[in-house]
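*Asks:* Dropping a structure here in structure tokens format, bear with me for questions.
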Amino acid sequence: MAKAILVDTSKCIGCRGCQVACKQWHGLEAEPTAFRGSYENPPDLSARTWRKVKFIETAKQDGATRWRFLSDACKHCTDASCLAVCPTGALFHRPWGAVDLDQEICNGCRYCVSACPFGVITFNERTGRVDKCILCPDRVEAGLAPACVTTCPTGALSFGDRDQLLGRAKERVVQLRAKGEKGAELYGERELSGLHVLYVLQERPQVYGLPEKPRFAAASVFPGFLMSAVASVVMGVVALVAFRERGGRGEE
Amino acid sequence: MTNHWIDVKNADAILIMGSNAAENHPIAFKWVLEAREHGAVLINVDPRFSRTSALADLYAPLRSGTDIVFLGGMINYILRKNLFHREYVVEYTNAPFVLDPAFDFKDGYFSGWDPQKKAYDRASWKFQTEADGTPQLDKSLKDPNTVFQRLRRHFARYTPEMVEGVCGTPKDEFVAVAEAFAKTGASGKAGTIMYAMGWTQHSKATQLIRTSAILQMLLGNIGVAGGGVNALRGLSNVQGSTDMALLFNVLPGYLGTPTKKDHPTLAAYLEKETPKAGYWVNKPKFLVSLLKAWYGEAATRDNDFGYQYLPKNSASYSYLDLFEAMYAGKIKGFIVTGQNPAVSGPNSTLERKALERLEWLVVRDLFETETAAFWKGPGVDPAKVSTEVFLLPASAHVEREGSYTNSGRWLQWKWKAVDPPGDARSDGWFVNQLAHRLKALYAGSKAPKDQPILALTWDYGKDEPDLEKVLAEVNGYTVADGKPVKSFAFLTDDGSTACGNWIYSGVFPAEGQNRAKSRKADPPESLGINAGWGFAWPVNRRILYNRASADPKGQPWNREKALIRWDPNAELPDGKKGKWVGVDVPDFRPDLAPDAKGGGNPFIMLADGKGALFAPLVEGPLPEHYEPVESPVKNRLSGVQFNPLAVIYKADLDKLGNPKEFPIVATTYRLTEHLHTGSITRNLPWLVEMMPNLFCEMSRELAEEKGIKNGDAVVVRSARGEIRAIAYVTGRFKPFKLGDRVVHEVGIPWHWGFMGLAKGDSANVLTPHVGDANTRIQESKAFLVDVRKA
């Protein structure tokens, strides 16, 4: 049964409990930051920040201010470009939908970094591999919700069977529209054959920095013919180099 | 809170004002969102569009320090449009009481103002009485001298135009708020008001909160599920500290502290402080039982139960007064625990200087705070500081057990998760050691000054105190057998009972039964009373004044959200029939029928049992707007510029700014990511990562005027000092248009200081030592600054 996180932005207060819970569960260090004229920090998702809340100020046509919050991380696509371009199989689908990452196999080639239509994968300079949200498989497969969901105080994040959450999300959109939130819409149902993070948005996706029509990007990174045996040779070399580099660094 | 956090879900309208609840109470905010899911309208009024505003259905801006005008405007709107709950107002408040015709209000002053003494003679602030001494009534509310008519005339000046001109709230936005909230005046509807430091830190804060109480009584919103005036406490146990005499003017359970002048003896205290009617007639039982709890066998009838051991006030000992006295060199030693005044206190330059004048300072904390390190702070030469500083490691909240009282008055027991590291000790351990060692130090002394310590009962164990034993003493017991009393109804004034805090009585009703530990939750679809979860003071009552949730005949205004009702057939223990029944503990005599004498007087703590629309405080019996002590504009409502009884301190560092030099309004606030002075949170890398630096929020218009860009370093200056911050230029702050004038406001979080991982200047360098007329809480939510690019 496919699982998913539902992010209901209409219930999010931007407290960033999810952002910290993620760091705590996965033991991710804090990054040095500076206040740059927004509550949002760190500036981007990174190897040490797999989930962060975006703070978006908008002004409606009547001049009324809006402040939108979006808990942002990997969307766990069904048609996952990262997975398609991964030469080593480090990126793989869990049966319930998570796009997981096996650090042991990752060779640090970074094809996934450029393939991801959402820009959520980052190269980790320290390990020489990539990092991203993996949807807490250790928790989920033990019957728990991901750390971010468990910590959310308002119910803006919920976790469960994707079908059920999809039904709830649709109802929510109808409800919000009836209440006057004309811009309310569902994101993630059909995008890339279905995301495992569903969003109830109050504005157009691009307001939140989400691509209107995310594209399966494997083709733009890799010409098709390379997706063959040749590739695996190339990858093997890259992997070896990367491995050596890591080994070398370890001795410093 | 008159109500409690979960009860917020029962509201039909929620007005959050003077609070940024989503930011500062993110966990409990879920109850606000649940109310919204049920169709409640969420209203937020705030100087800037905040995290709370982001979730609100209605948002209206107002200039800091003008809340009385906004609420007064709502009162005026409701009275003018006849939207108040008439039966509630007539039957349950003092609206129909007829005032002395000599009572008056003219150009900012109530009758009785003495400009020489700078005080009021309250002789005219009284009701006309019948021959038997009870107030004259006019239930038609037509007599021009009724409280109702006086109130109406008083607030008639608070028009939507006045709101716009003073608060800077566009008229239509104000009217939208007034209209939405006024709908709760309908019988069976409930509106709640949630406030916090945005209301308490003003020079007329008490009157501001009174204005909200008047509004709520007019709408029939007090005593009902989903209603109330609800103070959101800023820490997990602030309510508990307040209940246990954190405030300088009360003993545990809100018994006033005795003063040298008025209360030389126990008899004098009881004579002067015990009212003739209302529940406070029991005050002697509470005070004598408190003395018995504290002084045990040393408290006898012959020695006034040890009353002489109690210190007697000869001056005000408020926070501001203590720091002024310290600055004047009158205080030798200072123990600081759970506090960081070098960052949290207003006019921090003065307060840090005051610490230099101490002989010794003890700080107990998790990290070396700015208070502990004041001697190496900015501009301080350690060689010139002679204060001896002791820094003791304290335990964190997960490293100790005890009861915590939340905003909703619930006592909940918390168990220890881990032992504190190293030499760190719990607060209980520290107090226990201090008491034992002082007693040993004074042992055998005959000096009168040592007797209060020697007489103190102190038997909670040697090392870590047994906190359940403390709670059992707080609950109270019969002296003869040491058995717990079931509630304060069993306390006496003859020395046969002891009780550490009468309002907590009932939390430990029998040996081994600590109700703070009970954990039986109500089902989610219920009203959320949760009588089996923890213990709420008083007597496990969850919603105060709940007699008012039923009509004069004793039937609920709202049957679906009924709290109690009169059941004429319910049987009493003695076989008689007729009692109050329901999901909550009645805030009323359980067998007093609605048609009996006093059966329709729901406010039992007051002598006349009626909600006080008219209620004397030091600066008047009705709230009136005055500008903050530092304000950029003239008071438009009267010739009196600011609260004539505001407490303004006058030491050399207590400077006030004028609007020519400092034309911009400033306010301070907190962020979700940091707690108070940041003494813990600025040492946690994950939190520092999210909120690394001090910033100053300002509008685009102000930034443009000053040539400041988002992210620029700026200097913010007040008459007290200046700080550096990073400019946060945002559309969420808008300039206020007051008639033909534009007034700018900036906002600065007050979490930063010179210690910790994330260092920065403290916002309180800017704030003044100006206190509310009744409470002496500092006016740090509205003061004047100027801003420039650094």
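*Asks:* Are any of the residues in the stretch A:176-195 hydroxyl-bearing (Ser, Thr, Tyr) and away from chain B (no Cβ under 14 Å)? Give the steps one after another, and end with the answer.
*Replies:* First, pick out the residues of the stretch A:176-195 that are hydroxyl-bearing (Ser, Thr, Tyr): A:187, A:193.
Okay, now just the ones that are also away from chain B (no Cβ under 14 Å), so A:187, A:193.
Yes, because at least one residue in the stretch A:176-195 is hydroxyl-bearing (Ser, Thr, Tyr) and away from chain B (no Cβ under 14 Å).
*Asks:* Now for a different question. Would you check if B:VAL507 is within 30 Å of B:MET194 (Cβ to Cβ), surrounded by 14 or more Cβ atoms within 10 Å (Cβ to Cβ) and touching a Gly at 6+ places or on another chain (Cβ under 8 Å)? Break it down into steps so the answer makes sense when it comes.
*Replies:* On the way: within 30 Å of B:MET194 (Cβ to Cβ): yes; surrounded by 14 or more Cβ atoms within 10 Å (Cβ to Cβ): yes; touching a Gly at 6+ places or on another chain (Cβ under 8 Å): no.
No, not satisfied.
*Asks:* Please give the helices (runs of 4 or more DSSP H) falling wholly within the stretch B:137-200 in which 3 or more residues are more than 26 Å from B:VAL90 (Cα to Cα). Break it down stepwise before answering.
*Replies:* Values: elements: B:147-155, B:160-167, B:171-182, B:197-200.
Per the criteria, B:160-167, B:171-182, B:197-200.
*Asks:* Among (1) within 11 Å of chain A (Cβ to nearest Cβ); (2) more than 27 Å from A:ASP44 (Cα to Cα); (3) aromatic (Phe, Trp, Tyr), there is one condition B:PHE736 misses while meeting the rest; what is its number?
*Replies:* Checking B:PHE736 against (1) within 11 Å of chain A (Cβ to nearest Cβ); (2) more than 27 Å from A:ASP44 (Cα to Cα); (3) aromatic (Phe, Trp, Tyr), the one that fails is (1).
*Asks:* Ok, one more. Keeping to the stretch B:296-321, report how many residues are in contact with a strand residue (DSSP E or B) (Cβ under 9 Å, 6 or more places away or on another chain) and surrounded by 19 or more Cβ atoms within 10 Å (Cβ to Cβ).
*Replies:* 5
So that you can scan it fast, the table gives a plain yes or no per residue for (1) in a loop (DSSP other than H, G, I, E, B); (2) within 14 Å of another protein chain (Cβ to nearest Cβ); (3) over 24 Å from the mean Cα position of the chain (by Cα):
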{"site": "B:LEU15", "(1), (2), (3)": "no, no, no"}
{"site": "B:ILE43", "(1), (2), (3)": "no, no, no"}
{"site": "B:THR52", "(1), (2), (3)": "no, yes, no"}
{"site": "B:LEU79", "(1), (2), (3)": "no, no, yes"}
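*Asks:* Looking for something surrounded by fewer than 18 Cβ atoms within 10 Å (Cβ to Cβ) and either at the interface with another protein chain (Cβ under 10 Å from one of its Cβ atoms) or more than 29 Å from B:ILE708 (Cβ to Cβ) (or both) - is there at least one such residue anywhere in the stretch A:5-18?
*Replies:* So in the stretch A:5-18, the residues surrounded by fewer than 18 Cβ atoms within 10 Å (Cβ to Cβ) come out as none.
The answer is no; no qualifying residue exists.
*Asks:* Further question on the same structure: Scan the stretch B:627-645 and give yes if some residue there is touching a helix residue (DSSP H, G or I) at 6+ places or on another chain (Cβ under 9 Å), surrounded by 21 or more Cβ atoms within 10 Å (Cβ to Cβ) and either hydroxyl-bearing (Ser, Thr, Tyr) or farther than 30 Å from B:ALA156 by Cα (or both), otherwise no.
*Replies:* The answer is no; no qualifying residue exists.
*Asks:* Among the candidates A:THR122, A:THR151, A:THR127, which residue alone is at negative phi, at pLDDT 95 or above and touching a Gly at 6+ places or on another chain (Cβ under 6 Å)? Spell out how you get there, then give the answer.
*Replies:* Numbers: A:THR122 fails: touching a Gly at 6+ places or on another chain (Cβ under 6 Å); A:THR127 fails: touching a Gly at 6+ places or on another chain (Cβ under 6 Å).
That would be A:THR151, the only listed residue that is at negative phi, at pLDDT 95 or above and touching a Gly at 6+ places or on another chain (Cβ under 6 Å).
*Asks:* Looking only at residues that are of a type in the set (Asp, Glu) and within 18 Å of the chain's Cα centre (by Cα) in the stretch A:56-90, which one is surrounded by the most Cβ atoms within 10 Å (Cβ to Cβ)? Can you show your working first?
*Replies:* Residues of the stretch A:56-90 that are of a type in the set (Asp, Glu), as a first pass: A:57, A:62, A:72, A:79.
Next cut, within 18 Å of the chain's Cα centre (by Cα) only: A:72, A:79.
Values: A:ASP72: 24, A:ASP79: 17.
Among them, the one singled out is A:ASP72.
*Asks:* For the stretch B:22-31, how many residues meet the condition of being more than 9 Å from chain A (Cβ to nearest Cβ) and part of a helix (DSSP H, G or I)?
*Replies:* Filtering the stretch B:22-31 for residues more than 9 Å from chain A (Cβ to nearest Cβ) gives B:24-25, B:31.
This time we only want the ones that are part of a helix (DSSP H, G or I), so: B:24, B:31.
So the answer is 2.
*Asks:* Considering only residues that are more than 10 Å from chain A (Cβ to nearest Cβ) and part of a loop (DSSP other than H, G, I, E, B), look in the stretch B:702-723 and name the one that is farthest from the chain's Cα centre (by Cα). Give the steps one after another, and end with the answer.
*Replies:* Here is the first cut: in the stretch B:702-723, the residues more than 10 Å from chain A (Cβ to nearest Cβ) are B:702-708, B:713-723.
Among the residues that remain, those that are also part of a loop (DSSP other than H, G, I, E, B) are: B:707-708, B:718-721.
Working: B:GLY707: 40, B:ILE708: 38, B:SER718: 27, B:ALA719: 28, B:ARG720: 27, B:GLY721: 28 Å.
The extreme case among them is B:GLY707.
*Asks:* Out of curiosity, is B:THR730 over 27 Å from B:ASP654 (Cα atoms), of a type in the set (Ser, Thr, Tyr) and not assigned by TED's automatic domain parsing to the domain that holds B:LYS118?
*Replies:* Numbers: over 27 Å from B:ASP654 (Cα atoms): yes; of a type in the set (Ser, Thr, Tyr): yes; not assigned by TED's automatic domain parsing to the domain that holds B:LYS118: yes.
Yes: the conditions hold for B:THR730.
*Asks:* Next up: Can you tell me which of A:ASP62, A:ASP79, A:ASP100 is acidic (Asp, Glu), touching a Leu at 6+ places or on another chain (Cβ under 6 Å) and either farther than 19 Å from A:ALA21 by Cβ or part of a strand (DSSP E or B) (or both)? Full working, then the answer.
*Replies:* Working: A:ASP62 fails: touching a Leu at 6+ places or on another chain (Cβ under 6 Å); A:ASP100 fails: touching a Leu at 6+ places or on another chain (Cβ under 6 Å).
None of the other options fit; the residue is A:ASP79.
*Asks:* With (1) within 14 Å of chain B (Cβ to nearest Cβ); (2) over 27 Å from A:GLN206 (Cβ atoms); (3) surrounded by fewer than 17 Cβ atoms within 10 Å (Cβ to Cβ) as the list, and A:GLU125 as the residue in question, which single condition is left unmet?
*Replies:* (1)
*Asks:* Out of (1) of a type in the set (A, V, I, L, M); (2) assigned to a strand (DSSP E or B); (3) more than 30 Å from A:THR88 (Cβ to Cβ), what's the single condition that is false for A:VAL173?
*Replies:* Looking at each condition in turn, A:VAL173 falls short on (2).
*Asks:* Which numbered condition in (1) at the interface with chain A (Cβ under 10 Å from one of its Cβ atoms); (2) surrounded by 23 or more Cβ atoms within 10 Å (Cβ to Cβ); (3) not basic (Lys, Arg) is the only one that B:ILE726 fails?
*Replies:* (2)
*Asks:* Moving on to the next point. If you check A:ALA64, A:ALA34, which single one turns out to be at the interface with another protein chain (Cβ under 10 Å from one of its Cβ atoms) and closer than 23 Å to B:HIS674 by Cβ?
*Replies:* Details: A:ALA64 fails: closer than 23 Å to B:HIS674 by Cβ.
Being at the interface with another protein chain (Cβ under 10 Å from one of its Cβ atoms) and closer than 23 Å to B:HIS674 by Cβ holds for just one of A:ALA64, A:ALA34, which is A:ALA34.
*Asks:* OK, next. For the stretch B:674-701, enumerate the residues that are part of a loop (DSSP other than H, G, I, E, B), within 12 Å of another protein chain (Cβ to nearest Cβ), touching a Phe, Trp or Tyr at 6+ places or on another chain (Cβ under 7 Å) and farther than 16 Å from A:GLY37 by Cβ.
*Replies:* None; the set is empty.
*Asks:* Inside the stretch A:37-48, can you point out the residues that are more than 7 Å from every other protein chain (Cβ to nearest Cβ) and either hydroxyl-bearing (Ser, Thr, Tyr) or surrounded by 15 or more Cβ atoms within 10 Å (Cβ to Cβ) (or both)? Break it down into steps so the answer makes sense when it comes.
*Replies:* Of the stretch A:37-48, the ones more than 7 Å from every other protein chain (Cβ to nearest Cβ) are A:38-40, A:43-48.
If the condition is that a residue be more than 7 Å from every other protein chain (Cβ to nearest Cβ) and either hydroxyl-bearing (Ser, Thr, Tyr) or surrounded by 15 or more Cβ atoms within 10 Å (Cβ to Cβ) (or both), then A:SER38, A:TYR39, A:GLU40, A:LEU45, A:SER46, A:ALA47, A:ARG48 are the ones that fit.
*Asks:* Residue under question is B:ALA607, and the condition is that it be in a loop (DSSP other than H, G, I, E, B), of a type in the set (Gly, Ala, Ser), in contact with a helix residue (DSSP H, G or I) (Cβ under 7 Å, 6 or more places away or on another chain) and surrounded by fewer than 17 Cβ atoms within 10 Å (Cβ to Cβ); does it hold?
*Replies:* Numbers: in a loop (DSSP other than H, G, I, E, B): yes; of a type in the set (Gly, Ala, Ser): yes; in contact with a helix residue (DSSP H, G or I) (Cβ under 7 Å, 6 or more places away or on another chain): no; surrounded by fewer than 17 Cβ atoms within 10 Å (Cβ to Cβ): yes.
Against the criterion (in a loop (DSSP other than H, G, I, E, B), of a type in the set (Gly, Ala, Ser), in contact with a helix residue (DSSP H, G or I) (Cβ under 7 Å, 6 or more places away or on another chain) and surrounded by fewer than 17 Cβ atoms within 10 Å (Cβ to Cβ)), B:ALA607 does not qualify.
*Asks:* Can you list the helices (runs of 4 or more DSSP H) lying wholly within the stretch B:256-374 that have 3 or more residues being without any contact (Cβ under 8 Å) to a residue 12 or more places away in the chain? Steps first, answer last, please.
*Replies:* On the way: elements: B:266-273, B:283-295, B:319-327, B:341-344, B:348-356.
Correct list: B:266-273.
*Asks:* Next up: Residues that are of a type outside the set (A, V, I, L, M, F, W, C), under 24 Å from A:LEU70 (Cβ atoms) and modelled with pLDDT of 95 or more: does the stretch B:3-21 have at least one?
*Replies:* yes
*Asks:* When you go through A:HIS26, A:HIS93 one by one, which is the residue that is at negative phi, surrounded by fewer than 22 Cβ atoms within 10 Å (Cβ to Cβ) and within 13 Å of chain B (Cβ to nearest Cβ)? Break it down into steps so the answer makes sense when it comes.
*Replies:* Working: A:HIS93 fails: within 13 Å of chain B (Cβ to nearest Cβ).
Matching residue, one of A:HIS26, A:HIS93: A:HIS26.
Here's the yes/no breakdown for (1) among the aromatic types (Phe, Trp, Tyr); (2) in a loop (DSSP other than H, G, I, E, B); (3) out of contact with any strand residue (DSSP E or B) (no Cβ under 8 Å at 6 or more places or on another chain):
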| position | (1), (2), (3) |
| --- | --- |
| B:ALA516 | no, no, no |
| B:PRO524 | no, yes, yes |
| B:GLY528 | no, yes, yes |
| B:VAL581 | no, no, no |
| B:PRO586 | no, yes, no |
| B:ASP591 | no, yes, no |
| B:GLY599 | no, yes, yes |
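*Asks:* Filter the stretch B:463-490 down to the residues that are assigned to a loop (DSSP other than H, G, I, E, B) and either of a type in the set (Gly, Ala, Ser) or closer than 17 Å to B:PRO252 by Cα (or both) and list them by number. Quick ask: steps written out before the conclusion?
*Replies:* Narrowing the stretch B:463-490 to residues assigned to a loop (DSSP other than H, G, I, E, B): B:463-466, B:476, B:479-483, B:485-487.
Matches in the stretch B:463-490: B:GLY476, B:ALA480, B:GLY482, B:SER487.
*Asks:* On to the next question. Search the stretch B:729-746 for residues being basic (Lys, Arg) and part of a strand (DSSP E or B), and hand back the single one that is surrounded by the most Cβ atoms within 10 Å (Cβ to Cβ).
*Replies:* Looking only at the stretch B:729-746, we keep the residues that are basic (Lys, Arg), and these are B:732, B:734, B:737, B:741.
From what is left, the residues that are part of a strand (DSSP E or B) are B:737, B:741.
Values: B:LYS737: 14, B:ARG741: 12.
Once the filter is applied, the top-ranked residue is B:LYS737.
The values are calculated or read from the model by the stated rules, or taken from the named source; none is laboratory data. A quick note: this is a predicted structure, and the numbers were derived from the prediction, not measured. Using ideal geometry, Cβ is built from the backbone for each residue, glycine included, and neighbour counts are taken over all protein chains shown.
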